[in-house]
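Below is one structure; the comments refer to it alone.
The values are calculated or read from the model by the stated rules, or taken from the named source; none is laboratory data. All figures in this text were calculated on a predicted structure; none of them were measured in a lab. A quick note on method: Cβ atoms are made from the backbone with ideal geometry, for glycine too, and the neighbour counts reach across all protein chains shown.
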Amino acid sequence: MAKGDPGASTRGRRAAPRSRKAPTGDPELVQLLTPTGERIDSVTGPDGVEYRVDFTDEEYRGLYRDLVLVRKLDAEATALQRQGELGLWASLLGQEAAQVGSGRALRAQDMAFPTYREHGVLYCRGIDPIMPLGLFRGVDQGGWDPNEFKFNMYTIVIGAQTLHATGYAMGVVMDGKTGGEDGEAVIAYFGDGATSQGDVNEAFVWASVFNAPLVFFCQNNQYAISEPLERQTRVPLYRRAAGFGFPGVRVDGNDVLATYAVARHALDNARQGQGPSLIEAYTYRMGAHTTSDDPTRYRIASEVEAWQAKDPIARMKAFLEREKIADGDFFTEVDEQARREAIDLRERVLAMPDPAPVTMFDHVYPNGSPLLDEQRAQFNKYFDSFEGSAH
Ligand SMILES: Cc1ncc(C[n+]2csc(CCOP(=O)(O)OP(=O)(O)O)c2C)c(N)n1
Ligand SMILES: [Mg+2]
């Protein structure tokens, strides 16, 4: 957790961590776990804040478990799409640490606004991982209750959710829910490509001038489909925050510990009434944009290999082994749990009932409408006309 978090003094601590206090080599990047799994005790970010985490062994193992599970479930969803069971899938492969780190940094009362790729955050919010698969199978519209889980619906329209989050966060202030430890904070997820959208820049302005309790969490995975980062910006994305009047920081998005520390700090500032901030989680989309995309057409293998060496799970595993926080039995057990959960996910996807086509008229308006009733009746008539025919 970030320095100054009162939780730090009440948690169980590891004795004498074999770690060092050191810059990462990149002064712009907050990192607490190097790609080879070496722990850095604390680091001062470009925002002048000293970041550190202080987890118990059990908590470290919990983060590792989360990372492995969300990767496995994501791989299963990709496989299901390839087998024709989903219409589309947007994989999080490579972005597990950015999502688990920020997802676990949320407190129960915090509200999250995702894009279409935040399956890891969804998992951390306690939502059944089957939920987004119904959406991508085309049999429902998501299915979870955003208020129950404090996790909004997926948003495909690039950047739109940042405005929704800003309005929501302004409402949090009006409801008097900020200003203390138990205040509510809001987090909005978006990608590097989204930073070029008007919506995102408008959200920055509104959140800034209304001091909204909002963390803008940009997963810079280096691409917007085939468009590389250099087509979005000439300055590091986190630095844009300064122009809007709030702090910005770049974190190693493949480092679950640093991502947690940075996100927790920003969320706590927001809940205490200190307004918005921007986190740029520097990461890489290891897979295709979606299952409809072929990344070999626009990026070279050596780039992917270089990022492979920065894998978020491998570095956490190396750290756990080096510090003897986990042993072989633990890793086997986690893999076995992941395997079981993936099988369960697959079985439940295959068993999902096809909805009656007429249900597309449901949930359009909360109380229906005469026009919709008319269209439903027309559709039913048309649909019934096929009865008995081969089609
Ligand atoms: C307003 C809008 N314009 C275009 C698209 C098509 N589109 C879907 S994903 C995408 C790229 C988004 O890239 P980024 O924000 O970096 O997020 P990532 O997919 O890399 O997570 C685009 C242009 C869209 N969904 N919405
Ligand atoms: Mg992107």
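Quick notes on this one:
- Residue under evaluation GLY243, criteria (1) under 19 Å from LEU106 (Cβ atoms); (2) away from ligand 2 (no atom under 16 Å from the Cβ), criterion not met: (1)
- Lone qualifier among SER102, SER91 - being hydroxyl-bearing (Ser, Thr, Tyr) and touching a strand residue (DSSP E or B) at 6+ places or on another chain (Cβ under 7 Å): SER102
- Of ARG117, ARG104, all but one fail to be within 13 Å of the chain's Cα centre (by Cα), part of a helix (DSSP H, G or I) and of a type in the set (D, E, K, R); the exception is ARG104.
- A single member of ALA90, ALA77 is assigned to a loop (DSSP other than H, G, I, E, B) and more than 23 Å from ASP268 (Cα to Cα), and it is ALA90.
- The residue that is farthest from ligand 2 (Cβ to nearest atom), counting only those in segment 172-195 that are assigned to a helix (DSSP H, G or I) and closer than 17 Å to GLY248 by Cα, is THR195.
- Among the candidates ASP110, ASP74, residue that is crowded, with 19+ Cβ neighbours inside 10 Å and in contact with a His (Cβ under 7 Å, 6 or more places away or on another chain): ASP74
- Some residue of segment 350-358 being out of contact with any Leu (no Cβ under 7 Å at 6 or more places or on another chain), part of a helix (DSSP H, G or I) and within 30 Å of VAL100 (Cα to Cα): yes
- Count - residues of segment 273-301 that are part of a loop (DSSP other than H, G, I, E, B) and within 15 Å of ligand 2 (Cβ to nearest atom): 11
- Residues of segment 137-148 satisfying the condition of being outside any loop (DSSP other than H, G, I, E, B) and more than 19 Å from PHE190 (Cα to Cα): ARG137, ASN147, GLU148
The rows are residues; the columns are (1) of a type outside the set (A, V, I, L, M, F, W, C); (2) at pLDDT 95 or above; (3) more than 18 Å from ALA75 (Cα to Cα).
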site	(1), (2), (3)
PHE319	no, yes, yes
ALA326	no, yes, yes
ILE343	no, yes, no
PRO353	yes, no, yes
PHE379	no, yes, yes
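- When PRO129, PRO146 are checked against the criterion of being over 30 Å from TRP307 (Cα atoms) and away from ligand 2 (no atom under 16 Å from the Cβ), PRO146 stands alone in meeting it.
- A Cβ distance below 7 Å, combined with a sequence gap of six or more or placement on separate chains, defines the contacts here; from segment 182-196, residues that are within 13 Å of ARG231 (Cα to Cα) reach residues that are within 16 Å of ligand 2 (Cβ to nearest atom) and assigned to a strand (DSSP E or B) in the pairs ASP192/CYS218; ASP192/ASN220; ASP192/ALA224; GLY193/ALA224; GLY193/GLU227; THR195/CYS218.
- Residues of segment 149-171 that are more than 15 Å from ligand 2 (Cβ to nearest atom) and outside any loop (DSSP other than H, G, I, E, B): PHE149, PHE151, ALA160, LEU163, HIS164, ALA165, THR166, GLY167, TYR168, ALA169, MET170, GLY171.
- Selection count, segment 196-207, where residues are within 16 Å of ligand 2 (Cβ to nearest atom) and part of a helix (DSSP H, G or I): 3
- Checked across segment 175-183, the condition of being touching a Pro at 6+ places or on another chain (Cβ under 6 Å) and surrounded by fewer than 24 Cβ atoms within 10 Å (Cβ to Cβ) holds for at least one residue.
- Cβ-Cβ distances below 6 Å connect the following pairs, each with a first residue in segment 205-232 that is farther than 22 Å from ALA112 by Cβ and in contact (Cβ under 8 Å) with a residue 40 or more places away in the chain, a second residue that is of a type outside the set (A, V, I, L, M, F, W, C) and assigned to a loop (DSSP other than H, G, I, E, B), and a separation of six or more residues or different chains: GLN222/TYR284; TYR223/ARG285; ILE225/HIS289; SER226/TYR298; GLN232/ASP192.
- Residue selected from segment 209-240 under the condition near ligand 1 (Cβ under 9 Å from one of its atoms) and assigned to a strand (DSSP E or B), by the criterion surrounded by the fewest Cβ atoms within 10 Å (Cβ to Cβ): GLU227
- Qualifying residue in segment 255-269 (condition: under 21 Å from the mean Cα position of the chain (by Cα), of a type in the set (D, E, K, R), buried (at least 18 other Cβ atoms within 10 Å of the Cβ) and part of a helix (DSSP H, G or I)): yes
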